[in-house]
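The values are calculated or read from the model by the stated rules, or taken from the named source; none is laboratory data. Everything quoted here is computed from the prediction, not taken from an experiment. Cβ sites come from the backbone with ideal geometry, for glycine too, and all protein chains shown count toward neighbours. SASA here: full protein model, heavy atoms, side chains in, ligands and nucleic acids out. Shrake-Rupley method; radii C 1.70, N 1.55, O 1.52, S 1.80 Å.
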Amino acid sequence: MQKIIVPASSANLGPGFDSLGLAVDRYLTLEVLEKMPNWQIEHDLGPEVSHDETNLVIKSALTLDKDLTPHRIKMNSEIPLARGLGSSSAAIVAGLKLAQVLSAKQFSDQELLEVATKLEGHPDNVAPALFGGLTISLIVNERPQTIKATFPEIGLLAYIPDFELETKVSRSVLPERLEYATAVRAGSVGNALVAALLTDDLELVAELIEQDGYHEPYREKLVPHLKILRELGHKVGAKGTYLSGAGPTVMTLIAPEKMASFIKAAREHGLTGEFTQLAVDQKGARSEEI
Ligand SMILES: Nc1ncnc2c1ncn2[C@@H]1O[C@H](COP(=O)(O)OP(=O)(O)OP(=O)(O)O)[C@@H](O)[C@H]1O
Ligand SMILES: N[C@@H](CCO)C(=O)O
């Protein structure tokens, strides 16, 4: 039997809006079971996620190859829905990997990236879900491209609030236009953040990852815990806090030995969501025979 494994991902990393993404070790898995007259996907993700060919996983698979033979699929996901940890991208990438497993045709990594980006709308989550690690992505000449890089050695602590925030809602508060000077500054901060990440300059990362000018200032009202966690991070010497994807999850770069006091302080400030330590997934989406 084939098993497909796809990591969660944390997008933006502050000023890398719609571009930077990091694969993390929470997983969506598919088990490819017997052939069926119609597609059937078993899961316990709740009533809003369908069980037939309208499911995002199956729709994505059929986008790559519309002639796939229907199968029974078992899906398990550790990635919470609509929380900023790339659940929709993981589902899309899992569907593309499913097509790769079932189809007689061959698909290149570039084809997978192109179809996944088209389905998700931007490449920042699908690229790390596909390839693992830290990815720097963009769409140039209408083609998505991505560069895989190494993330510095630092702990990752996610705060996952107990409410959902759909990407389309979180994008609806963004402005249609930015002042020229604001855009220039936001771009230069993003460039320097990438340089700081690639040169392991964690002090500079800590400063720049909190200097986004593209999305966080507009989303703050939807995610009031971002400011609280950022300020607590400064007190305990964290290496930066940012809104993960479209939120509401907030990610803090912080040494593991500082996590307990950070969490304790957050609880004292009334934050009741889940704290979870994450690690970078280096492999990205994969399929294996079990
Ligand atoms: N395993 C899945 N199977 C089918 N549909 C899914 C699955 N996971 C997510 N989805 C769909 O994607 C929606 C969530 O996508 P959304 O872009 O709002 O959030 P996200 O991908 O979790 O967060 P972000 O893009 O900010 O990291 C769900 O409401 C559901 O419709
Ligand atoms: N870059 C995207 C990630 C979520 O899909 C956003 O922040 O809206």
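Candidates in the stretch 109-122 are the residues that are open to solvent by less than 30 Å² (accessible area, probe 1.4 Å) and either within 12 Å of ligand 1 (Cβ to nearest atom) or among the small types (Gly, Ala, Ser) (or both); of these, the one that is nearest to Asn191 (Cα to Cα) is His122. Residue check: Pro128 meets all listed conditions (1) assigned by TED's automatic domain parsing to the domain that holds Arg83; (2) more than 16 Å from the chain's Cα centre (by Cα) but one, namely (2).
Of all residue pairs spaced 6 or more apart or on separate chains, those with beta-carbon atoms under 8 Å, a first member in the stretch 114-126 that is within 20 Å of Lys283 (Cα to Cα) and a second member that is within 9 Å of ligand 2 (Cβ to nearest atom) and part of a helix (DSSP H, G or I) are Ala116/Ser89; Asn125/Ser88; Asn125/Ser89; Val126/Ser89; Val126/Glu120.
Please indicate, with yes or no, whether at least one residue in the stretch 198-216 is within 30 Å of Ala94 (Cα to Cα) and over 17 Å from the mean Cα position of the chain (by Cα). The answer is yes; a qualifying residue exists.
Would you mention how many residues in the stretch 252-274 are crowded, with 17+ Cβ neighbours inside 10 Å and assigned to a strand (DSSP E or B)? Residues in the stretch 252-274 being crowded, with 17+ Cβ neighbours inside 10 Å and assigned to a strand (DSSP E or B): 2 in total. Looking only at the stretch 90-108, filter to residues that are touching a residue at least 40 places away in the same chain (Cβ under 8 Å) and more than 16 Å from ligand 1 (Cβ to nearest atom); which one of those is least open to solvent (accessible area, probe 1.4 Å)? Per the stated criteria, the residue is Phe107.
Scanning the stretch 48-85 for residues that are open to solvent by 10 Å² or more (accessible area, probe 1.4 Å) and within 16 Å of ligand 2 (Cβ to nearest atom) yields Leu56, Pro80, Leu81, Ala82, Arg83, Gly84. Taken as a whole, the stretch 205-215 holds no residue that is small (Gly, Ala, Ser), under 25 Å from Ala260 (Cα atoms), more than 16 Å from ligand 1 (Cβ to nearest atom) and not in a helix (DSSP H, G or I). Comparison of Ala266, Ala279, Ala238, Ala285 shows that the only residue that is out of contact with any Phe, Trp or Tyr (no Cβ under 9 Å at 6 or more places or on another chain) and at pLDDT 95 or above is Ala279. Here Gly190 clears all of (1) under 19 Å from the mean Cα position of the chain (by Cα); (2) within 17 Å of Ala158 (Cα to Cα) except the condition numbered (2). For the stretch 176-214, name all the residues that are within 17 Å of Leu138 (Cα to Cα) and buried (at least 16 other Cβ atoms within 10 Å of the Cβ). Hits for the stretch 176-214 are Ala186, Val189, Gly190, Ala192, Leu193, Val194, Tyr214. Could you please let me know if Lys3 is farther than 30 Å from Glu216 by Cβ, within 11 Å of ligand 1 (Cβ to nearest atom) and surrounded by fewer than 21 Cβ atoms within 10 Å (Cβ to Cβ)? Spelling it out, it is not the case that Lys3 is farther than 30 Å from Glu216 by Cβ, within 11 Å of ligand 1 (Cβ to nearest atom) and surrounded by fewer than 21 Cβ atoms within 10 Å (Cβ to Cβ).
For the stretch 220-242, the criterion of being open to solvent by 10 Å² or more (accessible area, probe 1.4 Å), β-branched (Val, Ile, Thr) and closer than 23 Å to Pro80 by Cβ is satisfied by at least one residue. Note on the stretch 139-156: among residues that are in a strand (DSSP E or B) and more than 15 Å from the chain's Cα centre (by Cα), the one that is farthest from Val194 (Cα to Cα) is Arg143.
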